[in-house]
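Below: one structure in structure tokens.
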Amino acid sequence: MNQNELKKLVGIEAAKYVTDGMIVGLGTGSTAAFMVKEVGRRVQEEGLQITGVTTSNETSALAESLGIPLKSIDEVDYVDLTIDGADEISADFQGIKGGGAALLFEKIVATYSKACIWIVDESKLVDKLGAFPLPVEVVPYGSEQLFRLFEKKGYQPTRRLTAEGEILLTDGGHHIIDLHLDVIENPVKLAEELTALVGVVEHGLFIHMVSKVIVAASDGVKTLEAR
Ligand code: 5RP
């Protein structure tokens, strides 16, 4: 099976956790899109009754096209279950997200969720985080100062650009600086350090936010539970 087929498999598997009456956080990215499509199919064909809370404009457009009823995160008390993709997951269930530039809304929705499931193909499982560049969402004003600070710290920053080579603007109107760290020895400490910087809106380290990871591998789908 190729990577796309694995993503589809895990997206369909995760949609089984969605039941009638739930408020469901709908993640962003190519894996989450398969889950959203399956939830949409169940809404249309099985009469599944749910309300979706999306994590990006891209996911809103997809969910709307599939007829999934939506509310914003501010219109609900809480989200029952959020299903999202991830860029890297370590053995202790810490993760990097934001490869699709939606980390801020993804983290907000995850924060107000009773449970979160990540869905990935096996290539995303790592011993230690850091090979995937860590996205940091920053306010445009003063972002060059932050960029230089990251350079001085040896974090090898790059600015996230669009396919056309323009500076990418997130759904929240911010910029993204990707940090090329190779290995993150202490994700909790780095998360605290980044959060404390003026101008940083959010970073892509998701610490203790997920209790279940569904992984698609060539030999089938595995569900991993946090210890
Ligand atoms: C978007 C994300 C995505 O969930 C993450 O990048 C995984 O994407 P994909 O499923 O396309 O590999 O965090 O901000």
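Can you tell me which of G21, G52, G11, G47 is buried (at least 21 other Cβ atoms within 10 Å of the Cβ), assigned by TED's automatic domain parsing to the domain that holds V109 and away from the ligand (no atom under 13 Å from the Cβ)?
Answer to the check: G52.
Between D171, D182, which is under 20 Å from G29 (Cα atoms) and either exposed (fewer than 12 other Cβ atoms within 10 Å of the Cβ) or not basic (K, R) (or both)? I'd like the intermediate steps shown before the answer.
On the way: D182 fails: under 20 Å from G29 (Cα atoms).
None of the other options fit; the residue is D171.
I'd like to know if the range 174-182 contains one or more residues that are within 12 Å of the ligand (Cβ to nearest atom), touching a residue at least 60 places away in the same chain (Cβ under 8 Å) and more than 30 Å from V221 (Cβ to Cβ).
yes
When you look at V79, is it without any contact (Cβ under 8 Å) to a residue 40 or more places away in the chain and among the hydrophobic types (A, V, I, L, M, F, W, C), yes or no?
Taking the combined requirement at face value, the residue does not satisfy it.
Moving to a separate point now. Of the residues that make up the range 158-167, is at least one among the hydroxyl-bearing types (S, T, Y) and at pLDDT below 95?
If we filter the range 158-167 for residues that are among the hydroxyl-bearing types (S, T, Y), which is where we start, we get 158, 162.
Restricting the remaining residues to those that are at pLDDT below 95 gives none.
Checked against the condition, which is being among the hydroxyl-bearing types (S, T, Y) and at pLDDT below 95, the range 158-167 yields no hits at all.
Per-residue answers, yes or no, for (1) among the β-branched types (V, I, T); (2) more than 16 Å from the ligand (Cβ to nearest atom); (3) more than 29 Å from V10 (Cα to Cα):
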| residue | (1), (2), (3) |
| --- | --- |
| S72 | no, yes, no |
| A91 | no, yes, no |
| G99 | no, no, no |
| I108 | yes, no, no |
| W118 | no, no, no |
| F150 | no, yes, yes |
| P157 | no, yes, yes |
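The values are calculated or read from the model by the stated rules, or taken from the named source; none is laboratory data. Values in this document were obtained by computation on a predicted structure and should not be read as measured data. Glycine also receives a Cβ, built like all others from the backbone with ideal geometry; neighbour counts cover every protein chain displayed.
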